Amino acid sequence: LPGGNARAASSSPMNVLFLAVDSLRADRFASHTTPHMLERAKHGVVFERSYVSLPRTFSSWVTMLTGRHPHHHGIRSMFPRWEERAKDFDGMPKRFAQAGYRTAVVSDYAGDIFGRIDLGFGIVDTPTFDFKELIRQKALTRETPLLPFLHSGLGRTIFPALRELPDAADPMLLAGDAKRALRTLRNDPFFLTVFFSTAHFPYAAPAPYYRRFADPKYRGRFKYHKPVGLGQEAPPDAVDIEQIRDLYDGAVLSVDEALEEVLAELESLGLKENTIVVLTADHGENIFDHGRGQGHGDHVFGDEATHV
C-alpha cells in the first residue's frame, strides 16, 4: 500500500473497487485512449497476458465473479434460460457479503445482466431490459433532437429508459452514480463493482469524444455511431472502417476520463489507502481486424476479442 497511512489502513478490512469497461481491447490500454489509467497503472500491477474464456458479457462476468469457466457455471450466452440462472453460483460478492462487507454493482446499459442473475450483490443499481423497456427506448429514439437535452440526471429521472439506450451512453453519468455509491458505502467495508458500457458498440460517445480521433471531413453513415446491423446494409468501405475505429477510440477515451473521476472521488473520501482497485474488461472487440468483422462473441480467433 502506498502512502504514510498504509500501516494503519492495513489493520482494517480492505475495500475492493472493481472497475470494468465493456469491450476494452488490451491494445487500447494505451497513451492516446487511456492516459489516466495508464498513469495509475504505474503504481500497480499489470497483467499483460490476460484472456477471457468466452467473449460475451454475461458469460464473462459470471466467470470473473465465480472463478469458473462457462462450461462449468453454465452461462454460455447472453440469454440463458431461467433454470441456468436460478442456482446458487456462490459468487465473489456473496463471499464478501458473508465476510461482513456491503456489496453493490452500478452500471449503465450493458449492465442489465446483473438484474437477471443473483451473484450476491446487496445493491443492484443497473438498468432492466425487458419488452416494456424496449418499447420505451424505441419511443425515445424517435425524438433524436431531444436526446442531448434529455441525457442528464434530471432526464434520466423523468425517463429511466434513457439508462438503457446504447446510442447515447455518457460515462460521466455513470461516474456520478458510482461516486454516490462510494459515499453510501464509505463507512463499512465494501465490494463495489462499476461497469462502463460506452466502449461497447455502437461506440456512441458523447461530444467531444466521438470526434476526438475522427476525420472532420468524414460524411459517411457512421459519423456518430456504428451499430451492429442485421446483415442487410452495405458493408463499410476502408474510410468507414477508419471512422468506426476512431469512434471506438473516442469511446474508450471518454470512459478513461470517467474512471479518473471515480478514482478522484475515492481519494477525496479518504478511501485510497484502504481500497484495492481492480480494472479490467469483460472482453475485447473485433473492429474489422483480419477480416473478422465487428463485435464480439461470435468466435475466439485472434487477440482482439479475448485479450484484456
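The values are calculated or read from the model by the stated rules, or taken from the named source; none is laboratory data. The model shown is predicted, which means the values in this text are computed figures rather than measured ones. Neighbour counts are summed over all protein chains in view; Cβ atoms, including those assigned to glycine, are modelled from backbone coordinates with ideal geometry. Surface accessibility is based on the protein's heavy atoms, side chains included, excluding ligands, DNA and RNA. Shrake-Rupley method; radii C 1.70, N 1.55, O 1.52, S 1.80 Å.
In this structure, does ARG49 turn out to be more than 14 Å from the chain's Cα centre (by Cα) and either assigned to a helix (DSSP H, G or I) or closer than 18 Å to VAL262 by Cβ (or both)? So ARG49 fails the test.
The number of residues in region 269-308 that are touching a helix residue (DSSP H, G or I) at 6+ places or on another chain (Cβ under 9 Å) and closer than 21 Å to PRO35 by Cα comes to 12.
Kindly establish whether THR66 is closer than 23 Å to ALA169 by Cα, surrounded by 12 or more Cβ atoms within 10 Å (Cβ to Cβ) and among the hydroxyl-bearing types (Ser, Thr, Tyr). In short, no. Restricting attention to region 222-270, the residues that are open to solvent by 20 Å² or more (accessible area, probe 1.4 Å) and among the basic types (Lys, Arg) add up to 2. Checking every residue in region 199-217 against the condition of being of a type in the set (Asp, Glu) and in a helix (DSSP H, G or I) gives zero matches. Applying a threshold of 6 Å to beta carbon distances and a minimum spacing of six or more residues, or different chains, the list of pairs starting in region 272-299 at a residue that is open to solvent by 20 Å² or more (accessible area, probe 1.4 Å) and among the polar types (S, T, N, Q) and ending at one that is assigned to a helix (DSSP H, G or I) and modelled with pLDDT under 95 reads ASN274/ALA9.
May I ask you to verify whether ALA238 is over 16 Å from ASP22 (Cα atoms), more than 18 Å from the chain's Cα centre (by Cα), of a type in the set (Gly, Ala, Ser) and modelled with pLDDT of 95 or more? So ALA238 passes the test. Filtering HIS72, HIS36, HIS32 for residues that are in contact (Cβ under 8 Å) with a residue 24 or more places away in the chain, more than 23 Å from SER107 (Cα to Cα) and either within 17 Å of the chain's Cα centre (by Cα) or open to solvent by 60 Å² or more (accessible area, probe 1.4 Å) (or both) leaves a single hit, HIS32.
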